[in-house]
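The values are calculated or read from the model by the stated rules, or taken from the named source; none is laboratory data. Bear in mind that the values here come from a model prediction, so they are computed numbers and not experimental data. Counting neighbours? That spans all protein chains shown, and the Cβs are built from the backbone with ideal geometry, glycine included. For accessibility, only protein heavy atoms count, side chains too; no ligands or nucleic acids. Shrake-Rupley method; radii C 1.70, N 1.55, O 1.52, S 1.80 Å.
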Amino acid sequence: DEKSGKKDMISLPVPINLSDSANLIKIKGIGPVLSARIIKYRNLLGGYVRKEQLLEVYGVTNERFEEIRDAFYIDTANILPVFLNEVDVNYLSSHPYLNLYQARALIRYREVNGRFVDIDEIIENQLLPDDVFNKIKPYLNVD
């Protein structure tokens, strides 16, 4: 069996939000450069909430994604939330899913209307396009 001959393989699947570079490069199809990009993007996001987010990492093609998708799993318990009522525009605009204009719109709304009570206020008040809202929603917290 081809797989049993690999002594340095780690047990799969690995938790992508907790794995370091050394673990990721043991996955067939992931080298040191891609491993570093996956971790850098994970840190920018605050963690992965869907496997498909790996397709947003530079160098992860559809073919590579299909090759590696079963080698890891998503544990959303380790997602770093964005506390919408606490953050400033610079922090908010540093998230990969928001641009400066969108971050300003959210902060301006909070300044005018007070603290966000519910995440859905964003969509109800058309502060973000639906596609952006759906991508950023798992990270947002109003508590």
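Take the residues in the stretch 65-120 that are part of a loop (DSSP other than H, G, I, E, B) and free of Cβ contacts under 8 Å to residues at least 24 places away in the same chain; name whichever of them is nearest to the chain's Cα centre (by Cα). By that ranking, first place goes to Asn99. Annotation for the stretch 76-86: at least one member residue is over 24 Å from Gly31 (Cβ atoms) and of a type in the set (Gly, Ala, Ser).
Note on the stretch 25-63: residues that are in a helix (DSSP H, G or I) and modelled with pLDDT under 95 amount to 0.
If a residue has to be in contact with a Lys or Arg (Cβ under 7 Å, 6 or more places away or on another chain) and not small (Gly, Ala, Ser) to count, how many in the stretch 39-66 make the cut? Full working, then the answer.
Filtering the stretch 39-66 for residues in contact with a Lys or Arg (Cβ under 7 Å, 6 or more places away or on another chain) gives 48, 51, 57-59.
With the extra rule that they be not small (Gly, Ala, Ser), the set shrinks to 48, 51, 57-58.
Matching residues across the stretch 39-66 total 4.
The set of residues in the stretch 43-79 that are touching a Ser or Thr at 6+ places or on another chain (Cβ under 9 Å) and surrounded by 16 or more Cβ atoms within 10 Å (Cβ to Cβ) comprises Gly47, Tyr48, Val49, Phe72.
Does at least one position in the stretch 83-104 carry a residue that is of a type outside the set (D, E, K, R), open to solvent by less than 20 Å² (accessible area, probe 1.4 Å) and closer than 21 Å to Leu18 by Cβ? There is at least one residue in the stretch 83-104 that is of a type outside the set (D, E, K, R), open to solvent by less than 20 Å² (accessible area, probe 1.4 Å) and closer than 21 Å to Leu18 by Cβ.
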